[in-house]
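Shown next, in structure tokens, is the structure this report addresses.
Quick note: the coordinates plus some simple rules give every number you see, no bench work behind them. What you see is a predicted model; the values in this text were computed from it and never measured. Positions of Cβ are generated from backbone atoms using ideal geometry, with glycine treated the same way; all protein chains shown enter the neighbour counts.
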Amino acid sequence: MDIKAVKFRENGFYGQPFAFGGEEGAEKFDPNIRYRGSLQNYLIDTGDEVILVDTGLPAGTPEEKPDETSPAYTGRDICSYMEALSKLGYTPDSVTKILLTHKHADHSGELRSFPNAKIYVNADEITADELAGIDNIVPVHFTDGAYYNFPESQKITEKVTFIKAKGHTNGNSIVIVEDGGLFYMLHGDITYVDEALYENKLSVVFEDKAAARETLDRVREFIRNHPTVYCGTHTPQGYENLEAKRVMDLDNPVETVFEEYDFSDNESSGKYVCSVCGYVYDPAEHDGVAFSDLPDDFVCPRCKQPKAKFNRA
């Protein structure tokens, strides 16, 4: 078994209000504290087949240009997702299965590049706009019962389990891989940064807050009872944990390295990108209406996050 990170953005950040403020309110936290951000998804090579966990941003998604008020920033391009996959030595034809943690475009962006793979999606998520027109989707109904303290699961292959984890979205899921006595938890956005896992904080992004709290509680309980390598999508801690085979100890957090971002680059294309789901607002596609002229109650057409969650591109 070989688990690899597919890395395609780096040097991003997630402000403490964004990463911690889901229950107590963003105003309770310090916007000047920025945790390191990145974007990567994961690949599982079992020796018999190649399984992807999520498929990055769509090719051509513009980079964001954050400022001091930006709550979150996904980072600078290293390369496209498909280029990152190629660098690891894999082609679309080599991929047999894709496990989608949830619908947002930074997780589902290149699904259409894998027409021959089976795409496993929580059945509660298959009507999402991001998945429209994709024919090779396998709806997952989680019929294999409990996986330890998680009530609903689906065995994908030997030692790879897909787990229902509602909250961040209503169809959110996580993947756990068992290998060498360790449990590798490959997740989308249970937390954006590991500090939120240690501090037991929900991010401000969820479709069902009560379910997100229940899922985080179950994740923390699992980690306390099993040697778990916690591999997130939005922080370099995800692939650092993977590469070090670092077992999470909730009572002894890894020392935080804060992001110190240089905001001096102010050039902008006029486009704006949702920092949560990757939706691009292009004035040219909206009768020339500038983003700044949109009403204050404008929300992302895809993920319904408010205007403040967008960054310049």
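Tabulated results
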read-out: Ranking of Thr161, Thr215 by count of other Cβ atoms within 10 Å, fewest first; value: Thr161, Thr215
read-out: On Cα atoms only, tilt of 209-225 relative to the major axis of the chain in degrees; value: 50 degrees
read-out: Principal semi-axes in Å for the range 37-180 [√(5λ), Cα gyration tensor, largest first]; value: 25, 19, 15
read-out: Calculated P(r) tail over 23 Å for the range 1-94, as whole % of Cα pairs; value: 39 percent
read-out: Option label - percent of Cα pairs over 29 Å apart computed here, alternatives (i) 31; (ii) 41; (iii) 45; value: (i)
read-out: Relative contact order %, the chain, counting alpha carbon pairs below 8 Å whose residues are six or more apart; value: 20 percent
read-out: Tensor-based shape of the range 104-177 (alpha-carbon gyration tensor, a/c under 1.5 rounded, otherwise prolate or oblate); value: prolate
read-out: DSSP bridge pairs, the chain: antiparallel proportion in percent, nearest 5; value: 75 percent
